Structures are given as structure tokens and as C-alpha cells.
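The structure appears right after this line, and notes come after that.
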Amino acid sequence: MASVGVEWINNFPNPCDQPELSYCDETSVGFLNGMTSRGHTSKFNWGDGNAWEQDFRDPALGGDDSNWIDNVDFAHFSSHGSTSAANVFSGFFGGQQDSCTWRSNQARFGNNQLEYLCIDACNSLELTRDIIATWQSAFHGLRMILAFTDLVSDSWWTGGRGYNFGRRAGNSERLTNAWLDECYSFWLDDNPITMAAGRTQADAINRRDNERLGSGFGDIPNSEVSWFAWRWRS
Amino acid sequence: MPVTFEAKLPRNIPASAAVYQLPPVRIGAGTLRATAKSLGLADDAADVVTSTDLMAYNQGRHRVEIHRASGAVAFYHRDKYGREPEKPFDLPDRRAAALSRAFLQKSKIVPLAAARLDGMTHLHSAVADVETRRVREHITDAGVVYRRTIDELLVEGPGRFAMVTLDPEGEVIALRSVWRPLGKRAGKVKLKRPEEAIGELEKHVANLQGDVTVTKATLGYFELGPLDRQRVIQPVYAFVYVVRHDEVTMKSAFVAHAGDKSFGPLIGKKRFPAPVARRKKP
């Protein structure tokens with residue numbers, strides 16, 4: 001059984017002032033419920049002021065991810081997001097523990113436990129940027145990122161996507177299929193995308209298309225990641 | 001800050017519209033088998049899987065699921081859907097549209113008379129090595145999308161669609177639909193003027209931080225997604241808007257009753273309430 005942790009932020013008071021969101025709890029807690037309904041284990045559910053940037057930063061860089069995001073098999077983050085022209089993704093928090101944003105260039109995931117990371121935030125696997133430049137340094141045993149290109153909706157009507165994906169992922173369905181099916185929205189133009197790392201081109205494609213809980217692919221050290229494969233519907 | 005409109009509501013609004021009941025969805029082994037048969041599966045040895053939220057039917061390499069709350073259907077070939085096909089995808093859009101229409105006609109999953117071709121999606125696959133970062137991208141399937149209409153009004157919302165997915169050979173490898181059967185008329189409403197709905201939208205976004213731009217604005221019926229029960233279908237004004245503030249942009253929707261009376265809410269409570277947790281600062 002997989003261990004699952006989620007962090008979500010709807011409220012952004014000073015000094016991390018941003019427009020308020022309304023349904024990040026729906027997507028993250030929904031995902032958690034979908035997974036636990038299929039027998040997996042909830043390790044933490046941190047929302048708003050309890051969601052901290054240091055949970056996403058590697059200890060080598062002064063963070064605490066080996067006790068949180070990198071201490072579970074499957075993690076889900078829901079909040080504001082953006083990827084800069086310098087190819088750095090920022091995920092936004094509602095408090096400064098230690099910073100208002102976690103950044104992809106300070107993430108080293110999978111060197112403890114994390115295998116799959118869902119980022120339910122805008123421009124998180126952003127195709128108008130260089131997604132390899134953005135995320136290569138984060139793959140230290142992490143196998144896949146499941147995220148969005150362009151904007152993703154914050155609304156009750158699409159908020160069930162977290163649960164719908166969690167149910168399928170928890171059922172050991174193929175993760176890319178499940179993420180793309182459940183997160184794509186014709187009405188609100190949500191465009192999900194998944195990316196997998198591999199040692200070779202064939203390995204990256206195989207993992208992208210066939211990774212699921214219990215698939216047995218194994219972790220890849222960052223020094224051996226040579227290819228990335230990604231998929232999206234538009 | 002005033003709202004910017006990149007999309008506008010139609011000028012000609014009907015004077016009134018009907019409201020329809022949506023019969024409760026009842027799913028059982030019989031419904032599941034009948035749906036599987038309509039999708040071309042033999043009424044043969046199969047596994048039926050049942051859970052609180054859906055029922056599923058696995059036969060050979062095919063799977064059919066029906067959501068209990070909505071009757072939403074998902075059908076796919078477990079080996080072919082979402083995998084690299086053996087040949088390049090070069091099926092013309094017109095051919096894909098014709099094949100998908102024929103499939104829907106035969107399966108009767110949705111009533112074609114109430115379906116309008118809404119567009120084509122494609123599944124994209126890409127790879128690159130970390131040294132050269134040269135991206136190789138190609139298409140692997142076509143998803144033909146049909147949109148529901150009721151009394152010639154388009155239906156909005158996370159439901160109201162059927163998507164037929166075809167592989168390079170033109171084989172249907174998946175279908176997804178959220179399309180609740182229409183019941184009897186529940187009543188009739190006079191439609192409010194668009195200006196009234198715009199006023200409600202402006203009130204809804206008044207306190208948002210940032211610049212608000214409306215990117216879609218429609219009058220239509222409204223159908224919920226697969227997780228939610230829905231008892232009536234009624235006309236709405238639906239807006240999709242974007243808010244830009246410094247480094248972040250967010251996107252959301254606002255939906256208002258288009259009729260002079262409501263036959264039920266358009267939005268529910270949160271489905272997954274978050275427990276209150278306390279966390280000690282380090």
C-alpha cells in the first residue's frame with residue numbers, strides 16, 4: 001500500500017499576499033480520499049497556514065522534505081503556481097515557513113521516498129517553457145510529475161478531479177491515462193500533462209505510459225536520468 | 001477595477017426556456033451488461049466489479065465503468081488506450097468524425113439528435129534527451145468531442161459531452177461521456193436579460209485581487225460532472241474568467257440562473273471537507 005501526503009492553500013494573507021483560491025482543499029483532500037478509499041495510507045494533510053515551503057526543500061538545501069513530501073510515496077500539492085522565463089516553477093504558500101514559495105530548483109525528490117508528485121497548479125509542467133530545464137534537477141528517484149500546462153481552474157464544478165484521479169491511481173490504473181482523463185476539462189480548458197524520467201528513450205516512454213502503483217519500475221538516481229517523456233491532450 | 005470582456009453573451013435571448021427533470025440514476029448489473037453490449041462487447045464471461053461510487057465490467061481487454069451518481073460512462077481498450085501505437089497517426093479529422101458518429105449511432109450511448117460535433121482533441125507524446133533537449137513530438141490518437149444540446153440551446157458545464165477516441169487504424173479505443181437522460185418537463189422560466197447576469201458576475205468578482213477578464217460567456221443549460229447527482233437541468237448564464245495579479249494568474253467560473261426562478265442550486269457544498277489540523281512551528 002502507498003503512503004500519501006497532501007498540501008493545499010486557499011488563503012494567502014500577508015506577507016504572502018496573493019488572490020484567494022477556493023477549491024484547493026477539494027482537489028488535494030479529494031485525491032487523498034480517493035487513495036484511502038482504495039486502501040492506501042494517509043500520512044499528512046496540511047492546508048493553508050499548515051502548508052510550509054520547507055516541506056518541499058531538500059535537507060541539503062536547508063529544508064525538511066525528508067520528513068514530509070519526500071517521506072511519502074505519492075504527494076499532491078494544490079495552490080497558485082507559475083513557471084518563470086528562467087524555467088523555475090514556483091508553488092505559492094499562505095505563510096512564510098521559511099518562504100512564500102517553493103521552487104523547482106531547490107527540490108530534490110525521491111532521494112528519500114517520493115515516487116509520484118501531483119501539482120494541481122497553473123503552469124506547473126508548462127509547455128511554453130523548457131520543462132526539462134525546469135524539472136530535471138528535481139528527479140532524484142522521483143518517477144513522475146503529474147501537472148498542468150497553462151492555467152488550471154479553481155472551481156467547485158471541476159474540483160472533483162482530485163478524487164476521481166485518486167480513486168483510479170489507488171486502483172493501480174495507469175497513472176498517465178488516469179491523470180489526463182480525469183483532469184482534462186472541455187468546459188474550462190484545463191490541460192493536464194504527465195512527465196516521466198528514464199535511463200533511455202524507451203525506458204522513459206515505457207514509464208510514462210505504464211507507471212502505476214506497484215508497477216515495479218524502480219527509482220533512477222539523478223545521475224542516470226538521460227531522457228524524459230511526456231504526454232498531454234489538446 | 002472594471003471587468004474586461006473578451007467574450008460577450010449573445011444578443012438575441014429567447015423569452016423563455018423549459019426546465020427538465022433528470023430521473024435518478026439507478027445502476028445495476030443489468031444496466032452494466034446492457035451498456036457493455038451496446039459498446040460492442042459480447043455478453044460473455046466477464047468480471048463485474050462493484051464499489052460505492054461505480055460499477056465496472058471487464059471483458060477481455062476492454063473495460064466499461066458507470067458512475068452511480070451520474071450514469072457517466074467510461075469505456076476503453078486496456079492495451080491500446082494511452083499507449084504508443086504501432087503506426088503513425090495520420091487519420092484525417094473528417095474520417096475520425098465520421099467513424100465516431102457511426103460508433104455513437106450504433107451504440108446509442110448518447111442520442112445523436114441532441115449531439116453537436118464540438119471539436120477534435122489529440123493525444124500528444126513527446127520525448128527528449130537531457131543533453132541535446134531536442135524534442136520529438138507526435139500525435140497518437142484523436143478524441144472526437146460531441147456537445148449536448150437541449151431545445152437548440154447548448155449545454156454548459158463539466159458534463160454534457162461524449163468523447164470518442166480513435167487510434168491510427170480508426171478503431172474506437174475509448175469513450176467517455178457524461179450525459180444524463182432527459183426526463184419530463186418540470187416547468188418553464190422566463191429568461192433574465194444578459195445585463196442582469198453580468199451584474200451578478202461583477203458583484204461576484206468585486207473583491208478579487210487583480211485584473212479580471214471574462215474569456216467565455218454563454219447562455220445554455222447546465223450539466224454537472226460525473227461525481228454529482230443532479231435532479232433538474234435548467235438554463236444558466238455561464239462565465240469563465242481569469243484573474244491576473246503580479247506573478248500569478250488564476251482561472252475560475254461563475255454560473256447564474258438564467259431563469260426568473262430557480263428549480264435547484266447550481267453549486268453544491270464541498271465534497272471533501274478538510275479536517276482542522278494544528279501544526280507546531282519548528
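Of everything listed in (1) at the interface with another protein chain (Cβ under 9 Å from one of its Cβ atoms); (2) out of contact with any strand residue (DSSP E or B) (no Cβ under 8 Å at 6 or more places or on another chain); (3) over 23 Å from residue B:75 (Cα atoms), the single unmet condition for residue A:112 is (1).
Filtering A:188, A:180, A:146 for residues that are within 8 Å of another protein chain (Cβ to nearest Cβ), touching a residue at least 40 places away in the same chain (Cβ under 8 Å), closer than 30 Å to residue B:241 by Cβ and not hydroxyl-bearing (Ser, Thr, Tyr) leaves a single hit, A:180. The residue that is surrounded by the fewest Cβ atoms within 10 Å (Cβ to Cβ), among those in the range A:154-177 that are within 7 Å of chain B (Cβ to nearest Cβ) and of a type in the set (Ser, Thr, Tyr), is A:155.
None of B:7, B:18, B:56, B:46 is closer than 23 Å to residue B:240 by Cα, surrounded by 12 or more Cβ atoms within 10 Å (Cβ to Cβ) and of a type outside the set (Asp, Glu) except B:7. The conditions of being within 16 Å of the chain's Cα centre (by Cα), surrounded by fewer than 16 Cβ atoms within 10 Å (Cβ to Cβ), among the basic types (Lys, Arg) and within 13 Å of chain A (Cβ to nearest Cβ) are met by residue B:229.
State which residue is farthest from residue A:2 (Cα to Cα) when the search covers only the range A:216-234 and only residues that are facing another protein chain (nearest Cβ under 7 Å) and not charged (D, E, K, R). So that I can check it myself, show each step before the final result.
Filtering the range A:216-234 down to residues facing another protein chain (nearest Cβ under 7 Å) leaves A:225-234.
Imposing the further condition that a residue be not charged (D, E, K, R) reduces the set to A:225-230, A:232, A:234.
Numbers: A:225: 24, A:226: 27, A:227: 26, A:228: 24, A:229: 24, A:230: 23, A:232: 25, A:234: 31 Å.
Within the range A:216-234, the match that is farthest from residue A:2 (Cα to Cα) is A:234.
Each row is one residue, and each column tells you yes or no for (1) free of Cβ contacts under 8 Å to residues at least 24 places away in the same chain; (2) farther than 27 Å from residue A:163 by Cβ; (3) acidic (Asp, Glu); (4) not in a helix (DSSP H, G or I).
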site: B:18; (1), (2), (3), (4): no, yes, no, yes
site: B:27; (1), (2), (3), (4): no, no, no, yes
site: B:32; (1), (2), (3), (4): no, no, no, no
site: B:36; (1), (2), (3), (4): no, no, no, no
site: B:40; (1), (2), (3), (4): no, yes, no, yes
site: B:94; (1), (2), (3), (4): yes, yes, no, no
site: B:98; (1), (2), (3), (4): yes, yes, no, no
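Checked against (1) under 25 Å from residue A:131 (Cβ atoms); (2) crowded, with 16+ Cβ neighbours inside 10 Å; (3) modelled with pLDDT under 95, residue B:88 passes all but a single condition, namely (2).
Determine if the range A:207-215 includes at least one residue that is more than 10 Å from every other protein chain (Cβ to nearest Cβ) and modelled with pLDDT under 95. The answer is yes; a qualifying residue exists.
Go over the candidates B:164, B:172, B:144 one by one and state the one that is under 16 Å from the mean Cα position of the chain (by Cα) and away from chain A (no Cβ under 13 Å).
On the way: B:172 fails: under 16 Å from the mean Cα position of the chain (by Cα); B:144 fails: away from chain A (no Cβ under 13 Å).
Testing whether each residue is under 16 Å from the mean Cα position of the chain (by Cα) and away from chain A (no Cβ under 13 Å) leaves just B:164.
One residue stands out among those in the range A:19-29 that are over 14 Å from the mean Cα position of the chain (by Cα) and in a helix (DSSP H, G or I): the one that is farthest from residue B:253 (Cα to Cα), which is A:25. Of the listed requirements (1) modelled with pLDDT of 95 or more; (2) more than 9 Å from chain A (Cβ to nearest Cβ), residue B:152 misses just one: (1).
Every residue, every condition in (1) crowded, with 24+ Cβ neighbours inside 10 Å; (2) of a type in the set (Lys, Arg); (3) more than 14 Å from chain B (Cβ to nearest Cβ), yes or no:
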{"position": "A:35", "(1), (2), (3)": "yes, no, no"}
{"position": "A:38", "(1), (2), (3)": "no, yes, no"}
{"position": "A:50", "(1), (2), (3)": "no, no, no"}
{"position": "A:55", "(1), (2), (3)": "yes, no, no"}
{"position": "A:65", "(1), (2), (3)": "yes, no, no"}
{"position": "A:69", "(1), (2), (3)": "yes, no, yes"}
{"position": "A:76", "(1), (2), (3)": "yes, no, no"}
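Residues in the range B:196-238 that are in contact with a helix residue (DSSP H, G or I) (Cβ under 6 Å, 6 or more places away or on another chain) and either free of Cβ contacts under 8 Å to residues at least 60 places away in the same chain or over 28 Å from residue B:149 (Cα atoms) (or both): B:212 alone.
Just one of the listed residues (B:68, B:101) is modelled with pLDDT of 95 or more, over 29 Å from residue A:208 (Cα atoms) and within 13 Å of chain A (Cβ to nearest Cβ), and it is B:68.
For the range B:115-129, the set of residues classified as of a type outside the set (A, V, I, L, M, F, W, C), in contact with a helix residue (DSSP H, G or I) (Cβ under 8 Å, 6 or more places away or on another chain) and touching a residue at least 40 places away in the same chain (Cβ under 8 Å) consists of B:125 only. Here A:194, A:128 are screened, and the one residue that is within 17 Å of the chain's Cα centre (by Cα) and either surrounded by 21 or more Cβ atoms within 10 Å (Cβ to Cβ) or over 15 Å from residue B:127 (Cα atoms) (or both) is A:194. Given the structure, is residue B:79 surrounded by fewer than 17 Cβ atoms within 10 Å (Cβ to Cβ), under 27 Å from residue B:149 (Cα atoms) and not β-branched (Val, Ile, Thr)? In short, no.
Out of B:255, B:240, B:212, one residue alone is in contact with a Pro (Cβ under 9 Å, 6 or more places away or on another chain), within 13 Å of another protein chain (Cβ to nearest Cβ), at pLDDT 95 or above and crowded, with 18+ Cβ neighbours inside 10 Å. It is B:212. Could you go through the range B:101-121 and let me know if any residue there is within 16 Å of residue A:181 (Cα to Cα) and either of a type in the set (S, T, N, Q) or not in a helix (DSSP H, G or I) (or both). Yes: the range B:101-121 contains one or more residues that are within 16 Å of residue A:181 (Cα to Cα) and either of a type in the set (S, T, N, Q) or not in a helix (DSSP H, G or I) (or both).
The values are calculated or read from the model by the stated rules, or taken from the named source; none is laboratory data. For clarity, every value in this text was computed on a predicted model and none was experimentally measured. Here Cβ is always computed from backbone atoms with ideal geometry, including for glycine, and neighbour counts include all displayed protein chains.
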